[in-house]
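Enquirer: First the structure, then my questions, so here it is.
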Amino acid sequence: DTEVTQTPKHLVMGMTNKKSLKCEQHMGHRAMYWYKQKAKKPPELMFVYSYEKLSINESVPSRFSPECPNSSLLNLHLHALQPEDSALYLCASSQARDFEKLFFGSGTQLSVL
Amino acid sequence: AQKVTQAQTEISVVEKEDVTLDCVYETRDTTYYLFWYKQPPSGELVFLIRRNSFDEQNEISGRYSWNFQKSTSSFNFTITASQVVDSAVYFCALSEISNAGGTSYGKLTFGQGTILTVHP
């Protein structure tokens, strides 16, 4: 199984809503990532988890709250988002000990109204 | 700071033409990795190749080939006999190896991407 699965594929939410994005992998990877991609732009790193611990937060606003409940799951909790947060949110994973290629999910297309 | 430049914003070719996507990078690291990813309309980023900074051998994989030249800080990607299914956005990326919590992970800096359209 070489897949990173993200749900939902599409999400529309209002600025007062609370929602969560989910990412799952069963490749035994111990590093997991959240990237944000605006239309016609490259992905930008948001968070990195290594061995279920938050290793990197790229100065992401607190309305985005990541969580790694176990080595296979990565969540991104969303609260009080702004319309400019509308984007494709990509999850990725990699081997933790030796840097390997990232495996990306197909993303969640988020629209904030 | 690391930087990746893909000067070609969009390329349009007719099927069976060869096409080269350019990538130029900047880094102060002596050890780094270079990547090419493909992003089809479905959205996921598909890994194509990884190259480390000590391996300047060119590589060929089927219709794909890569030319890594450290002297010019370039890592160009050629598709031979292009097909409609090659239509996608292609990203060149550069990684810095970071350590946190005792483990290594890759932090990718992506270029702006090149939109390749292959017409039948």
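The values are calculated or read from the model by the stated rules, or taken from the named source; none is laboratory data. Note that this is a predicted model, so its numbers are computed, not measured. Cβ placement follows ideal geometry from the backbone for every residue including glycine, while neighbour counts extend to all protein chains displayed. The protein model used for the area step is the full one, side chains on, heavy atoms only, and it has no ligands, DNA or RNA in it. Shrake-Rupley method; radii C 1.70, N 1.55, O 1.52, S 1.80 Å.
Enquirer: Could you list all residues from region A:46-90 that are assigned to a strand (DSSP E or B), at pLDDT 95 or above and among the polar types (S, T, N, Q)?
Expert: A:S65, A:N75
Enquirer: Kindly evaluate A:K22 against the criterion of being crowded, with 18+ Cβ neighbours inside 10 Å, free of Cβ contacts under 8 Å to residues at least 60 places away in the same chain and under 10 Å from the mean Cα position of the chain (by Cα).
Expert: no
Enquirer: Filter region A:35-90 for residues that are among the aromatic types (F, W, Y), under 30 Å from B:A7 (Cα atoms) and open to solvent by 10 Å² or more (accessible area, probe 1.4 Å) and give the result.
Expert: Those that are among the aromatic types (F, W, Y), under 30 Å from B:A7 (Cα atoms) and open to solvent by 10 Å² or more (accessible area, probe 1.4 Å): none in region A:35-90.
Enquirer: When you go through B:G106, B:G62, B:G101 one by one, which is the residue that is under 27 Å from A:Y49 (Cβ atoms), open to solvent by 60 Å² or more (accessible area, probe 1.4 Å) and at pLDDT below 95?
Expert: Result of the check over B:G106, B:G62, B:G101: B:G101.
Enquirer: Also, quick follow-up: Test A:M27 against the stated conditions and say whether it is part of a loop (DSSP other than H, G, I, E, B), within 13 Å of A:S94 (Cα to Cα), open to solvent by 20 Å² or more (accessible area, probe 1.4 Å) and touching a residue at least 60 places away in the same chain (Cβ under 8 Å).
Expert: Yes.
Enquirer: Within region A:40-81, which residues are out of contact with any helix residue (DSSP H, G or I) (no Cβ under 9 Å at 6 or more places or on another chain), more than 11 Å from every other protein chain (Cβ to nearest Cβ) and of a type in the set (A, V, I, L, M)?
Expert: Selection gives A:M46, A:V60, A:L73, A:L74, A:L76, A:A80, A:L81.
Enquirer: A follow-up question, please. Among (1) out of contact with any Leu (no Cβ under 8 Å at 6 or more places or on another chain); (2) open to solvent by 70 Å² or more (accessible area, probe 1.4 Å); (3) not charged (D, E, K, R), which single condition is A:Q109 missing?
Expert: A:Q109 satisfies all of (1) out of contact with any Leu (no Cβ under 8 Å at 6 or more places or on another chain); (2) open to solvent by 70 Å² or more (accessible area, probe 1.4 Å); (3) not charged (D, E, K, R) except (1).
Enquirer: Away from chain B (no Cβ under 14 Å) and touching a strand residue (DSSP E or B) at 6+ places or on another chain (Cβ under 7 Å): is that true of A:R30 in this structure?
Expert: Judged against the criteria, A:R30 is not a match.
Enquirer: OK, next. Return the residue satisfying two criteria in turn: it lies in region A:91-106 and is at pLDDT below 95 and open to solvent by less than 30 Å² (accessible area, probe 1.4 Å), and of such residues it is farthest from B:L94 (Cα to Cα).
Expert: A:G105
Enquirer: So how many residues does region B:4-46 have that are within 12 Å of another protein chain (Cβ to nearest Cβ), in contact (Cβ under 8 Å) with a residue 12 or more places away in the chain and open to solvent by 60 Å² or more (accessible area, probe 1.4 Å)?
Expert: 4
Enquirer: Next up: Spot the failing condition for A:M15; the list is (1) hydrophobic (A, V, I, L, M, F, W, C); (2) part of a strand (DSSP E or B); (3) open to solvent by 70 Å² or more (accessible area, probe 1.4 Å), and only one is missed.
Expert: All conditions pass for A:M15, except number (2).
Enquirer: Filter region A:91-113 down to the residues that are in a strand (DSSP E or B) and facing chain B (nearest Cβ under 8 Å) and list them by number.
Expert: Residues satisfying the conditions are A:A92, A:S94, A:F103, A:F104, A:Q109.
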